[in-house]
Amino acid sequence: MRSGSTERRDSESVRSCATSHLRSSAAMLAIVLLAVTPYLQTLGFSFLAWDDDRNVYANPWLLSGHWWQFWTQPYYGLYVPLPYTLWAFLRLCSDQPGLFHAANVVLHALNTVLVVLVIRRLLAYGEIKLERSVLLPALVGGCLFALHPFQCEAVAWVSGLRDLSSASFLLLSIVIFVAPAVRRPTHGVWAFVSFVLSLLCKPSAAILPVALLCLNQVFMRRTAKDSWLFLAPWFGAATMVAIATYMIQVETILPEQALMGFMQRCWVALDSLGFYLTRLVVPLFHAADYGRTPEVVVAQGSWLYPGIGAIFVVICVVAFLTKRRNAMLGGLVFALVVMLPTSGIVSFAFQRISTVSDRYMYLPMMGFALALAALTRLMPTKLQVAALVLCLPLGLAAATQARSWSNDADFYQAMLANNPTSFSANSGLGTVALGRGELQKALGYYEVALAQQPINVLALANLGLALGHLGRFREVVERVAPFIPDEAQIERSPLSALAIARMFEVVGFAQVQLGQVIAGLAAYLRARDLDPTNPAMAANVAALQARQQPK
C-alpha cells in the first residue's frame with residue numbers, strides 16, 4: 001500500500017501541474033490580447049494602392065475567379081500561390097477590406113503564440129543550470145515580437161499577409177524542430193511540409209534550414225550528421241526555390257543593381273543591418289519607403305550604419321564559432337541569418353525603391369525576442385516584471401504607426417514626411433489628388449515624382465491623364481508620347497504592360513482631341529493589345545472606329 005506521505009506528494013504534484021497549466025494558459029491569453037490590441041483599429045482601414053490593388057481588390061485573376069492560375073505561373077515577379085489562394089477564399093466571404101485586415105491580425109496573434117512557444121523550448125535547452133521559470137522571460141520576448149513598430153507594416157497592410165503566412169509556417173517548423181521528440185518520422189514530415197508551405201508564401205523562407213543549423217549548434221547540440229540528414233530535403237527545396245525566384249525576378253531587377261560588385265553588395269548589406277539595429281533600439285520614424293536604394297547607400301559613403309552592422313556580424317560569428325550555449329547570442333545569430341536574404345547581399349526587386357523595409361524584419365524579430373528573453377532570464381523576478389512593463393509602451397508606438405496605413409492619403413503623407421524625395425509618395429499623392437479632382441495639385445506631385453524617375457511609365461501615364469483633364473492635349477503628346485517604350489523594351493519588361501497600355505490610352509485620347517484620328521486609333525489599338533482584359537480599352541477602339549464609319 002502507498003503511504004500517506006506518498007499520496008500527499010502525488011496530490012501536490014497534480015495540483016502544481018494544474019496550476020502551471022493554468023498559469024501558462026492565462027499567459028498565452030494575455031500575450032494574444034497584447035498582440036491584437038494595437039491592430040484592432042485596422043479592421044476599419046481601407047485597401048491601399050500600395051500593391052493592394054494588384055494583389056487583391058483589382059487583381060484580374062481574383063476578380064475572374066481564376067485563382068488556380070497562381071499555382072501555374074508567377075504573378076508580378078513572384079511565385080507565392082498560397083497567399084493568393086487565401087485571399088481568393090476571403091473574397092468568397094466578403095470583398096470588404098475589414099475581413100482581410102482581420103486575417104492579418106489573427107495571423108499575427110498566432111505567430112506571437114508560436115514565438116513564445118519557441119522561446120520557452122529553446123531556453124529549456126540553453127543555460128540549464130538556471131532554475132527560474134522561463135515563462136516570464138518568454139512573455140517579455142513575446143511582447144517585443146508582438147508590439148515593436150517593425151511589425152506594423154506586415155500587420156496593418158493587407159498585402160503583408162504574405163509575410164505573416166510565411167512566418168506562421170516557418171515558426172511552426174521551428175516549434176517542431178526544437179521539440180525533444182523531433183526524431184520521430186512523423187514530426188520530421190510535418191516540419192518539412194510546413195517549411196514547403198512557407199516557401200509558397202515567400203521565397204526568402206529558403207534561408208530557414210541554415211537558421212535551424214545555427215539553432216542546433218547553439219541550443220540542441222544534436223550531431224552534425226543527424227542535423228544534415230534531417231535537413232537535407234529542406235536544403236533541396238530551398239535551392240530549387242532560390243533558383244526559380246532568381247529566374248523569375250531577373251527582369252524586375254534594375255541593371256545597375258544586378259551589376260554591382262560583391263564588395264558593394266556587402267557594404268549595402270552591412271548598411272541594412274546597421275539601419276535595422278538602430279530602428280530596433282530606437283523605434284521611431286518608421287516608414288514604408290526609406291529610399292535607401294543601393295545607389296544611395298554607396299553614394300553616401302557613411303560609415304555609421306555599416307559600422308554598426310559590421311560589429312553585429314562579428315559578434316554573431318564569434319558567438320557561433322565559440323560553440324557556447326548562450327541563448328542570448330543564439331538569438332542574435334538566428335536574427336542575422338534570417339535577415340541575410342533581404343539585406344542586399346543579393347539583388348531583389350524591391351531594391352528599386354529601398355533595400356530596407358520594415359516587413360523584412362517580421363521573422364528576424366523572433367531572434368531578437370529570444371535574445372531579450374535570455375537576457376531577462378538572468379534577472380531577478382522583480383526586474384523581469386519591470387522588463388515586461390517596459391515593453392508595453394511599444395504597443396502605443398505600434399498603434400500610432402498603424403494609423404498611417406488607414407487610407408491612401410494618410411499613408412502617402414506619412415511616407416512623404418519621412419522621405420520627402422520619395423517617388424512612391426509623390427506619385428501616390430498625385431493619384432489621390434487626381435481622384436479628388438485637384439488637378440493642379442496632382443500635376444505638382446507628378447512633376448516631383450518624375451524628377452526622381454523621369455521615364456517611369458506609370459507616373460508618365462498619370463501625368464498625361466491629369467494634363468488631359470485640364471485640356472492640355474498638346475502637352476500630353478509632347479511629354480508622354482516620346483517616352484513610350486518600343487516593342488523590344490516592352491518584351492523585356494512584360495510586368496509594365498498595363499502601365500504602358502495607359503500611356504497609349506492617354507496619348508491616343510489627346511491625339512483624337514487634336515484631330516489626329518488615325519494616330520489616336522493606332523494608340524488605342526496598341527493599348528487594347530497590351531491590356532486585352534480591360535473593357536475600357538476595347539470600348540475606346542470600338543467608339544473611334546464607329547466614328548470613322550461613313551454615314
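The values are calculated or read from the model by the stated rules, or taken from the named source; none is laboratory data. Computed from a predicted structure; not experimentally measured. Every residue, glycine as well, gets a Cβ built from its backbone with ideal geometry; the counts of neighbours run over all protein chains shown.
Count, please, the residues in region 432-442 that happen to be buried (at least 20 other Cβ atoms within 10 Å of the Cβ) and within 23 Å of P482 (Cβ to Cβ).
Within region 432-442, residues that are buried (at least 20 other Cβ atoms within 10 Å of the Cβ) and within 23 Å of P482 (Cβ to Cβ) number 2.
In this structure, does A49 turn out to be farther than 30 Å from A386 by Cβ, in the same structural domain as Q217 (by TED's automatic domain parsing) and not in a helix (DSSP H, G or I)?
yes
So which of W50, W61 ends up being among the hydrophobic types (A, V, I, L, M, F, W, C) and either crowded, with 20+ Cβ neighbours inside 10 Å or closer than 29 Å to N426 by Cβ (or both)? Quick ask: steps written out before the conclusion?
Details: W61 fails: either crowded, with 20+ Cβ neighbours inside 10 Å or closer than 29 Å to N426 by Cβ (or both).
When all the criteria are applied, what remains is W50.
If you take the residues of region 488-500 that are at pLDDT below 80 and assigned to a helix (DSSP H, G or I), which of them is surrounded by the most Cβ atoms within 10 Å (Cβ to Cβ)?
In the first step, residues of region 488-500 are kept if they are at pLDDT below 80; the result is 488-496.
Next, only the ones that are assigned to a helix (DSSP H, G or I) stay: 488-492, 494-496.
Numbers: A488: 8, Q489: 12, I490: 17, E491: 10, R492: 10, P494: 12, L495: 14, S496: 19.
The selected residue is S496.
Inspect region 78-86 for any residue being modelled with pLDDT of 90 or more and in a loop (DSSP other than H, G, I, E, B) and give the result as yes or no.
Yes - at least one qualifying residue is present in region 78-86.
Where residues in region 216-248 are within 23 Å of the chain's Cα centre (by Cα) and buried (at least 21 other Cβ atoms within 10 Å of the Cβ), which of them is modelled with the lowest pLDDT? Even if it seems obvious, please write down each step before you answer.
So the first thing to find is which residues in region 216-248 are within 23 Å of the chain's Cα centre (by Cα), and the list is 234-235, 237-248.
In the following step, the residues that additionally are buried (at least 21 other Cβ atoms within 10 Å of the Cβ) were identified as 234, 238, 245.
On the way: W234: 93, A238: 93, T245: 85.
Selected residue: T245.
Taking the options G309, G344, name whichever one is of a type outside the set (D, E), surrounded by 22 or more Cβ atoms within 10 Å (Cβ to Cβ) and in contact with a Gly (Cβ under 6 Å, 6 or more places away or on another chain). Give the steps one after another, and end with the answer.
Values: G344 fails: in contact with a Gly (Cβ under 6 Å, 6 or more places away or on another chain).
Result of the check over G309, G344: G309.
So L213 clears everything in (1) at pLDDT 90 or above; (2) in a helix (DSSP H, G or I) except one condition, right? Which one?
Among (1) at pLDDT 90 or above; (2) in a helix (DSSP H, G or I), the lone unmet condition for L213 is (1).
Tell me, yes or no, whether region 375-388 has at least one residue that is within 25 Å of D163 (Cα to Cα), at pLDDT below 95 and either in the same structural domain as F195 (by TED's automatic domain parsing) or under 19 Å from the mean Cα position of the chain (by Cα) (or both).
no
Is there any pair linking a residue in region 520-536 that is assigned by TED's automatic domain parsing to the domain that holds L498 and within 16 Å of V476 (Cβ to Cβ) to one that is modelled with pLDDT of 90 or more and in a loop (DSSP other than H, G, I, E, B), with Cβ under 6 Å and at least six apart or on different chains, and which?
Partner pairs satisfying both residue conditions: none exist.
For region 365-390, give me each residue that is in contact (Cβ under 8 Å) with a residue 24 or more places away in the chain and among the small types (G, A, S).
Correct list: G367, A369, A371, A373, A374, A387.
On the given criteria, is A103 over 28 Å from A244 (Cβ atoms) and within 18 Å of the chain's Cα centre (by Cα)?
Spelling it out, it is not the case that A103 is over 28 Å from A244 (Cβ atoms) and within 18 Å of the chain's Cα centre (by Cα).
Tell me, which residue of region 506-519 that is free of Cβ contacts under 8 Å to residues at least 40 places away in the same chain and surrounded by 21 or more Cβ atoms within 10 Å (Cβ to Cβ) is farthest from L463 (Cα to Cα)? Talk me through it step by step, then tell me what you get.
At the first step, the residues of region 506-519 found to be free of Cβ contacts under 8 Å to residues at least 40 places away in the same chain are 508, 511-512, 515-519.
Applying the additional criterion that residues be surrounded by 21 or more Cβ atoms within 10 Å (Cβ to Cβ) yields 508, 511-512.
Working: G508: 14, Q511: 16, V512: 18 Å.
Looking at the filtered set, the residue picked out is V512.
With respect to T42, is the statement that it is β-branched (V, I, T), in contact (Cβ under 8 Å) with a residue 12 or more places away in the chain, closer than 18 Å to W405 by Cα and in a helix (DSSP H, G or I) true? Outline the logic, then answer.
Working: β-branched (V, I, T): yes; in contact (Cβ under 8 Å) with a residue 12 or more places away in the chain: yes; closer than 18 Å to W405 by Cα: yes; in a helix (DSSP H, G or I): yes.
In short, yes.
Residues in region 372-387: is at least one within 30 Å of Q453 (Cα to Cα) and either out of contact with any His (no Cβ under 6 Å at 6 or more places or on another chain) or not basic (K, R) (or both)?
For region 372-387, residues within 30 Å of Q453 (Cα to Cα) and either out of contact with any His (no Cβ under 6 Å at 6 or more places or on another chain) or not basic (K, R) (or both): absent.
Does L215 qualify as being touching a residue at least 60 places away in the same chain (Cβ under 8 Å) and out of contact with any strand residue (DSSP E or B) (no Cβ under 7 Å at 6 or more places or on another chain)?
yes
Among L439, L375, which is the only one that is within 30 Å of A327 (Cα to Cα) and among the aliphatic types (A, V, I, L, M)?
Exactly one of L439, L375 is within 30 Å of A327 (Cα to Cα) and among the aliphatic types (A, V, I, L, M), namely L375.
Any idea which residue in region 526-540 is nearest to the chain's Cα centre (by Cα), counting only those that are of a type in the set (A, V, I, L, M, F, W, C) and buried (at least 17 other Cβ atoms within 10 Å of the Cβ)?
Per the stated criteria, the residue is L530.
For region 350-388, how many residues are closer than 17 Å to C143 by Cα, assigned to a helix (DSSP H, G or I) and among the aromatic types (F, W, Y)?
Number satisfying all stated conditions: 1.
For residues that are among the hydroxyl-bearing types (S, T, Y) and in a loop (DSSP other than H, G, I, E, B), tally how many sit in region 501-534.
Summing the residues that are among the hydroxyl-bearing types (S, T, Y) and in a loop (DSSP other than H, G, I, E, B) in region 501-534 gives 1.
Do we find a residue being among the polar types (S, T, N, Q) and either part of a helix (DSSP H, G or I) or surrounded by fewer than 21 Cβ atoms within 10 Å (Cβ to Cβ) (or both) anywhere in region 279-299? First the steps, then the outcome.
Residues of region 279-299 among the polar types (S, T, N, Q): 293.
When the remaining residues are screened for being either part of a helix (DSSP H, G or I) or surrounded by fewer than 21 Cβ atoms within 10 Å (Cβ to Cβ) (or both), the result is none.
There is no residue in region 279-299 that is among the polar types (S, T, N, Q) and either part of a helix (DSSP H, G or I) or surrounded by fewer than 21 Cβ atoms within 10 Å (Cβ to Cβ) (or both).
Output the qualifying pairs, or none if there are none: Cβ atoms under 9 angstrom, residues six or more apart or on different chains, first residue in region 439-465 and among the basic types (K, R), second residue surrounded by 19 or more Cβ atoms within 10 Å (Cβ to Cβ).
So the pair list comes out as K441/L429; K441/G430; K441/A433; K441/L434.
Tell me which residues, restricted to region 449-491, are under 16 Å from V506 (Cα atoms) and acidic (D, E).
E475, E478
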